[in-house]
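Comments concern the structure below.
Nothing in this text is a laboratory measurement; each read-out follows from the coordinates by a stated rule. This is a predicted model, so every value here is computed, not measured. Virtual Cβ from ideal backbone geometry, glycine too; neighbours counted across all protein chains shown.
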Amino acid sequence: MNLLIDSFISAISLVISMDKEMVNIVTVSLKVSGYSTLFASLLGIPIGFLVAFESFPGKRFMITCLNTLLAVPTVVIGLFVYAFISRRGVLGFFDLLYTQKAIVIGQTLLILPVVAAFTIAAISRIDQRYRKTAMTLGANRLQTAFVIFREARYGVVAAVIAAYGRVISEVGISMMLGGNIRSFTRTMTTAMALEYDKGTFTLAVALGMVLLGLSFGMNLLFHLFQGRVRS
Amino acid sequence: MLFKISDLTKKYSDRTILDIPALSFKKGAIYGLQGPNGAGKTTLLNILALLEIPTSGIVSYKSESVQYSEPSLQPLRKEVVLVDQLPLLFTTTVFNNMEFGLKIRRIEKEERKRRILKGLEMVGMEDFAQLPAHQLSGGETQRVALASRLILKPEVLLLDEPTANVDAASARQIKDASLMARREWGTTLIIASHDRDWLYEVCDEVMHLFRGRLIGAGEENVIFGPWHSHKDSLWERQLPDGQRICLPGAPGPDAVALIEPTSITPLTETKRDASGANILEGIVSRLTLEKMSAEIVATILIGNLPFTVKLSTQKIRQENLYPGQRVTLHYSHNSVKWL
């Protein structure tokens, strides 16, 4: 019990003093998660929107596939991307393995289905009469799509926040594709795993506190936007 | 002709929603669409608004057959606009809602503002421009939806039950604003409504839709089964107040009978001829002047079943009919049609 309390007290002092190593790890985490969320949003929102807005053969099958991909473990994606970017992989000549870019690629693949599936849900919830209203007011297909997207905007933002929450707390991809290299690819979760292995808890607890704080912030934002969807 | 419809059908799965062999609408006229729920009024309005594609048949607009491709439909939709029965406003301000259609038509900013203010004034909502649309009541939403269509100065304005879900004051404003569009811009109005009095008051023509088919000018008395076989090849149905109506030649027990309002004669108590079986007793509940024929449409309640009778003003005077008076209805067997 003393170990936990001592670690907790030391961790608080680390957080307050903005320990250089801790700040560096948090920065790497925020950076890779930010980029992967950005890329996943740039791809996932249009995919989700098109799937929800358009009618085409195989639409339900595609939605089922996306929903299935929501449950894929991070290590499976880590392994999959590793096969491509390792020296022997087809993209090996890019030398991406154990770089932040590799983590971003893996994390983007991880949350792409999250963004797309949540966007589909957000667009599908929009009353069909909005489409009818836009059309009878003379809107073309693009203008109608814009109207629907605008009505679903809070739901789409909630999708992005949920995806960010998922990616900031994952460990498998960061470990397998980033390699947990100090000051370079060490993220909050991989650092915590390492500190645990070393048996030193101070930094792990401090990072855990920051991660929890960030997750709490994300959830607050998520519920704020979800609330606006409902209202 | 502005709209011309030939051999139009609309089916959902195997169910026929509309089956109209021929129908046309003249420019600048006001048309009323009557019929019970599920008659196909909304579907017909959606097809006229170019929002739904008919299963078969031809819809012509301004003498040209409508081509159901998005690039062909979009310019036409700028001329033909629909106000839904339960319209939605976008989740932004009333002003932005009203501006949407004007922006699409590339109307200049100053003109947009002028038209929006005029539109709001037409429906008595001048002070609502900057309010969030989702804060409006149902009646206010309906009025803003109508105003946002009126300021587009459409060629055709389609109104689907515009006064069904609003209070009397809102209904009055909606009615007045709709008629102003015809007066000011020669807009053709096609109104689906259960408000018979309003339709007869303002429409140049009223049509009656029943089970997807046009069955007449809107005033026909529709009597549902079940019919029971009676003597002398007559079919009988008991009315809600216990009286029995006997008609000849029903095709089956579930057939629907139509009786022309001109073939029913109301007689006052003193002149009652009790010899025939084709007699019913009721109370005059309403007398309405029909704009198109300048005749009087009398609604006679038999139990709670309204019968419509069409009479000249002279006949009304002669029989001294007034609401509340008990009358005997004499109907002709020859005028009965079966569906």
- Task: Please report, to one decimal in angstroms, the Kirkwood hydrodynamic radius of the stretch A:26-187 built from all distinct Cα-Cα pairs.
- Result: 16.8 Å
- Note on the structure: If one builds a Gaussian network model of chain A from Cα atoms under 10 Å apart, the most fluctuating residue listed among A:VAL75, A:VAL32, A:VAL147 is A:VAL147
- Message: Counting only helical runs of four or more DSSP H residues, what would the 222 nm mean residue ellipticity of chain A come to if each run contributes -39,500 (n - 2.57) and the total is spread over all its residues?
- Response: -25000 deg cm²/dmol
- Message: Just to confirm my numbers, what's the Cα centroid distance between the stretch A:1-47 and the stretch B:292-334 in Å?
- Response: 83 Å
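For chain B, what is the calculated [θ] at 222 nm in deg cm²/dmol (nearest 500), taking -39500 (n - 2.57) for each run of four or more DSSP H residues and dividing by its residue count? Can you show the working numbers first?
Details: 8 runs with 86 residues, N = 339.
Dividing the helical sum by the residues of chain B leaves -7500 deg cm²/dmol.
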- Task: Any chance you could get the radius of gyration and Dmax over the Cα atoms of the protein assembly as shown, in Å?
- Result: 34.3, 111
- Treating the angle as unsigned and between 0 and 90°, give the value, to the nearest 10°, between the Cα long axis of helix B:138-150 and the longest Cα principal axis of chain B. 70 degrees
- Query: What share of all Cα pairs of the stretch B:96-223, in percent, falls into each consecutive 10 Å distance bin?
  - Reply: 12, 40, 31, 13, 4, 0
- Query: Taking the Cα centre of chain A as the origin, how large is its charge dipole in debye, to the nearest 20, when only Lys and Arg (+1) and Asp and Glu (-1) carry charge on their Cβ atoms?
  - Reply: 920 debye
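Would you mind checking the pairs B:LYS4/B:LYS310; B:LYS10/B:LYS118; B:LYS41/B:LYS62; B:LYS231/B:LYS310 and listing those with alpha carbons more than 32 angstrom apart? Walk me through the intermediate numbers first.
Working: B:LYS4/B:LYS310 29 Å; B:LYS10/B:LYS118 38 Å; B:LYS41/B:LYS62 22 Å; B:LYS231/B:LYS310 30 Å.
Too far apart for the 32 Å limit: B:LYS10/B:LYS118.
Quick check on the exposure proxy: order B:TRP198, B:TRP235 from fewest to most C-beta atoms within 10 angstrom.
Values: B:TRP198 18, B:TRP235 23.
Fewest-to-most Cβ neighbours within 10 Å comes out as B:TRP198, B:TRP235.
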- Run through all the Cα pairs of chain B and give the fraction in each 10 Å bin from 0, expressed as whole percent. 5, 22, 28, 23, 14, 6, 1, 0
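Can you tally the lysine pairs in chain A where the Cα-Cα distance is under 22 Å and the two residues are eight or more apart, or on different chains? Numbers along the way, then the final one.
Working: A:LYS20/A:LYS31; A:LYS20/A:LYS198; A:LYS31/A:LYS101; A:LYS59/A:LYS132.
Lysine pairs meeting both conditions in chain A amount to 4.
Among the helices of chain A (complete DSSP H runs), which have Cα atoms covering no less than 18 Å along the helix axis and a Kyte-Doolittle mean of at least 0.5?
Details: long enough: A:2-16 (21 Å, 1.92); A:20-53 (48 Å, 1.29); A:100-124 (35 Å, 1.73); A:153-168 (23 Å, 1.29); A:202-230 (41 Å, 1.26).
Membrane-span-like by this criterion, though nothing is claimed about a membrane: A:2-16, A:20-53, A:100-124, A:153-168, A:202-230.
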- Query: Taking Rh as the Kirkwood radius, which is the inverse of the mean 1/r over Cα pairs, what is the Rg/Rh value for the stretch B:221-338?
  - Reply: 0.97
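If you take the Cα Rg of the stretch B:56-109 and divide it by 2.2 N^0.38 Å, with N the number of residues, what do you get?
Details: Rg = 14.4 Å, N = 54, 2.2 N^0.38 = 10.0 Å.
That ratio works out to 1.44.
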- What does the average come to when, for each residue of peptide B:172-180, you count the partner chain Cβ atoms lying within 10 Å of its Cβ? 0
- Please give the FRET efficiency for A:TYR196 paired with A:THR64, using the beta carbon to beta carbon distance and R0 = 45 Å, rounded to the nearest 0.05. 0.75
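For peptide A:135-147, compute the average count of partner chain beta-carbon atoms within 10 Å of each residue's beta-carbon. Walk me through the numbers on the way to the answer.
Details: counts 9, 17, 16, 16, 7, 7, 3, 0, 4, 2, 0, 0, 2.
Whole-number average of other-chain Cβ neighbours for A:135-147 is 6.
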